[in-house]
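The values are calculated or read from the model by the stated rules, or taken from the named source; none is laboratory data. All of these numbers come straight from a predicted model, not from anything done at the bench. Reconstructed Cβ throughout: ideal geometry from the backbone, glycine too, with neighbour counts over all protein chains shown. The accessibility values were calculated without ligands, DNA or RNA, using every heavy atom of the protein model including side chains. Shrake-Rupley method; radii C 1.70, N 1.55, O 1.52, S 1.80 Å.
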Amino acid sequence: MRLEKCWFCSSTIYPGHGIQFVRNDAKIFRFCRSKCHKNFKMKRNPRKVKWTKAYRRVHGKDMTQDSTFEFERKRNRPERYDRNLAENVLKAIPKIDKIRVAREERHHKNRMKGKTEKLQREAVKELEQGISLVKAPSVLQQDPSLTLPKIKVKVSQQQSEENHAMEE
Amino acid sequence: MVQYNFKKITVVPNGKDFVDIILSRTQRQTPTVVHKGYAISRLRQFYMRKVKYTQQNFHDKLSTIIDEFPRLDDIHPFYGDLLHVLYNKDHYKLALGQINTARNLIGKIAKDYVKLLKYGDSLYRCKCLKVAALGRMCTVIKRIGPSLAYLEQVRQHMARLPSIDPNTRTILICGYPNVGKSSFINKITRADVDVQPYAFTTKSLFVGHTDYKYLRYQVIDTPGILDRPFEDRNIIEMCSITALAHLRAAILFFLDISGSCGYSIAQQAALFHSIKSLFMNKPLIIVCNKTDLQPLEGISEEDNKLVKEMQAEALKTLVGQGGEPTDDDSVLLTMSTLTEEGVIAVKNAACERLLNQRVEIKMKSKKINDCLNRFHVAVPKPRDQKERPPCIPQAVLEAKAKEAAEKEKRKTEKDLENENGGAGVYAMNLRKNYILASDEWKEDILPEIVDGHNVYDFIDPDILQRVEELEREEGLREAGAEDDDFEFDGDELTPEQQEALAEIRKKKSLLIQQHRIKKSNAESRPTIPRKFDKDKQFTSERMGRQLSSLGLDPTLAIKRMRSRSASARGRKRERSPESKSADGRDGMDIDGDTPSKKQRLSRSLSRSRSVSRPPHEVVPGEGLKDSAQKIKAIKLAKKSVKKRNKDARRGEADRVIPNLKPKHLFSGKRSTGKTDRR
């Protein structure tokens, strides 16, 4: 029993899922679900389809080279069974996973690092440009700060009556 | 060895048929058309050809007859005699002689007439000659008609003769009629000879074949012989006599002990003595048949004496062959074909005697030396008395012994399987013979999949070390990352600025929304000018609110608007309370923002739609069940109105055509097509 990777989206294919396609040149294409299969039949390049891992790696969205990937490598020569070794391996797998995940997160954070600055600048620009929607130019001339204008509210009789009601 | 098979002789046609065949063949195979205008040589040639052709055919056919019938002198004397007995040698030879003469006569006729034809001077004359020639040939054949018929009969009979090979091992059975010869041959061979209680059931020779010591023996059944002088014998008896005389075979003389054949032992003994001359140089066995009816011991004295005499005679033949004179049993045998006791013994004895005789003869002949000279077995001559057995090394012997012992002791997997319930029940433990560092590990189960990874991909002897390295690395990196974790943001917006920004975004999104709504219902929205303001978007109140939100003072603007509106249009008529429309003002007024209390109340009551409530909320008194129903009702209403709105119709009954004759439909030439219809 082996978990395979989908050729199109690179997700793991669990047993009982998906379709395998064998081409005439004996190359095997495994798909996790019909979405990937249909995309393949349409001859789409996974490197250009946004939601696939291939795209994300090519466009630098996800971590590509890392030493944690070296641990998981398909070995063709079986090793003789050793209980201690097996124990070590089973203990090591979650550790490696944790580290890999942490590294991916770091990578993501790195990628998103300049976001807040950018947002700030954009906000400032928007404010500057759009202030005319909320503040009349003459008002802006008088009060050049980029804030909402102070509205002069006409206080009528009725309202004073209401206020009294509220106080009581 | 020539096969005496007379089945291959061609059919002899009778006289008339013969003539018909030949003449029709001439008619077909020679040219038929001739005219008297042809050259004389051609005419002569034509008729000569016919004559010659006919003669040739006759010659051929008659020759085949003569050749195919066997010549009695040239075949084995047995067959010669047999055929003589059956068909009379003289008659046979005469018939064939006649055929021969006919052949010659026809040849002569043809020769003569061809000579005459050479000098035929007209078609008619040639034709007459040809007719005469053919006619004469045919008469010749007609004359030999009886011979042809006789030969045909002979041929048919000959074809049914049994195919007896005179040179092979043969056993001949003879004796009085009804003694049990045919039953005997039925028993030992596959022949199916008629067995009946009357005498002379068997009227001719019958052949069967039997096997003994991997050799095939012919067994010939003969018709019964009566004790008569030679000359008085009929054809049937003569057949058996011929067989006895000419075939070199073992003879089984059958004797009926019980006498149920109708003849006494004395008569049978007399017969024996009369034909004993025929038994020269042939192994003879006297067979006493029908012992179930009368055992050999129980016969009378005289009969016994007669039997003993016959036995003595038989012994003589044995002595003649070189056997022991005291061997009684091999010459006198008893059996019963009914109970089948002794039948096989008789057969075996006969075959044995015959075989021995034949072998002896062969040994004495000159040919045997040729056979002996063909093979030679070489045996090395021992040079001394020492024994030299084969040499097998001790180790090999030991190994062989051990292997044998092991084979018995070792328990195979198959045995194990059978013990534990068979193939379907027991599953072999495949891990039994694993070679591991520790035997405890043999039954360990290692998971193949963990957390979405294949465990086998991770197996590495130095995985521990690598993981340690990795963790160290990670620790370092984490420490380093903590340092530059915080990002200082340069200029943040103040809360008021943020407020303003939020407001700007809200306004923008509202604009976008409105635009989208406008875009989406562009199809069903009527394009009407702004003065027919149904939703009251363009009120002075609104303008005031908007201006004040922008920070401006709207009062001046509102005043200006009012004054403008009144003066621009002017009052068309007196405003009276009655003339005012249901909602307190007519559509011309832009604003109505100073309503009296009364008007306000009346307005709120008379409005068909309350502005403050959502449209799908059910108001009591409307007659609708719930808001879903109301929504549906509203939808239906809207649907029915949509088209008319688009056409800017005032209502259902509005059928006004603003332009009865639009110019573009009633004038102008068409680029393609006719302008018949407008």
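Numerical summary
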{"item": "Residues located in segment A:61-90, provided they are open to solvent by less than 90 Å² (accessible area, probe 1.4 Å), assigned to a loop (DSSP other than H, G, I, E, B) and either charged (D, E, K, R) or more than 7 Å from every other protein chain (Cβ to nearest Cβ) (or both)", "result": "A:LYS61, A:ASP62, A:MET63, A:THR64, A:ASP66, A:GLU72, A:ARG75, A:ASP82"}
{"item": "Any hit, segment B:235-246, residues being open to solvent by 50 Å² or more (accessible area, probe 1.4 Å) and farther than 26 Å from B:GLU360 by Cβ", "result": "yes"}
{"item": "Subset of segment B:82-121 (residues that are over 21 Å from B:ALA133 (Cβ atoms) and not in a helix (DSSP H, G or I))", "result": "B:ASN88"}
{"item": "Extreme residue, nearest to B:PHE254 (Cα to Cα), among residues of segment B:289-317 that are under 60 Å from the mean Cα position of the chain (by Cα) and open to solvent by less than 60 Å² (accessible area, probe 1.4 Å)", "result": "B:ASN289"}
{"item": "For B:ALA481: the one exception among (1) open to solvent by 100 Å² or more (accessible area, probe 1.4 Å); (2) more than 60 Å from the chain's Cα centre (by Cα); (3) hydrophobic (A, V, I, L, M, F, W, C)", "result": "(1)"}
{"item": "Any hit, segment B:483-493, residues being part of a loop (DSSP other than H, G, I, E, B), modelled with pLDDT of 80 or more and closer than 27 Å to A:MET112 by Cα", "result": "yes"}
{"item": "Sole residue being among the β-branched types (Val, Ile, Thr), over 18 Å from A:LEU3 (Cα atoms), surrounded by fewer than 12 Cβ atoms within 10 Å (Cβ to Cβ) and more than 9 Å from chain B (Cβ to nearest Cβ), chosen from A:VAL49, A:VAL101, A:VAL58", "result": "A:VAL101"}
{"item": "Meets criteria (in contact with a Pro (Cβ under 9 Å, 6 or more places away or on another chain), modelled with pLDDT under 95 and among the basic types (Lys, Arg)) for B:LYS203", "result": "yes"}
{"item": "Given (1) open to solvent by less than 90 Å² (accessible area, probe 1.4 Å); (2) under 30 Å from A:ASN110 (Cα atoms); (3) hydrophobic (A, V, I, L, M, F, W, C), index of the condition B:LEU476 fails", "result": "(1)"}
{"item": "Residue match in segment B:635-648 (condition: modelled with pLDDT under 90, assigned to a loop (DSSP other than H, G, I, E, B) and in contact with a helix residue (DSSP H, G or I) (Cβ under 9 Å, 6 or more places away or on another chain))", "result": "no"}
{"item": "Residue list for segment B:420-465, restricted to those being at the interface with another protein chain (Cβ under 7 Å from one of its Cβ atoms), assigned to a loop (DSSP other than H, G, I, E, B) and open to solvent by 50 Å² or more (accessible area, probe 1.4 Å)", "result": "B:ALA437, B:GLU448, B:ASP451, B:PRO461"}
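Residue-wise test of (1) at negative phi; (2) open to solvent by 50 Å² or more (accessible area, probe 1.4 Å); (3) not charged (D, E, K, R).
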| residue | (1), (2), (3) |
| --- | --- |
| B:PRO70 | yes, no, yes |
| B:ASP74 | yes, yes, no |
| B:ARG125 | yes, yes, no |
| B:CYS128 | yes, yes, yes |
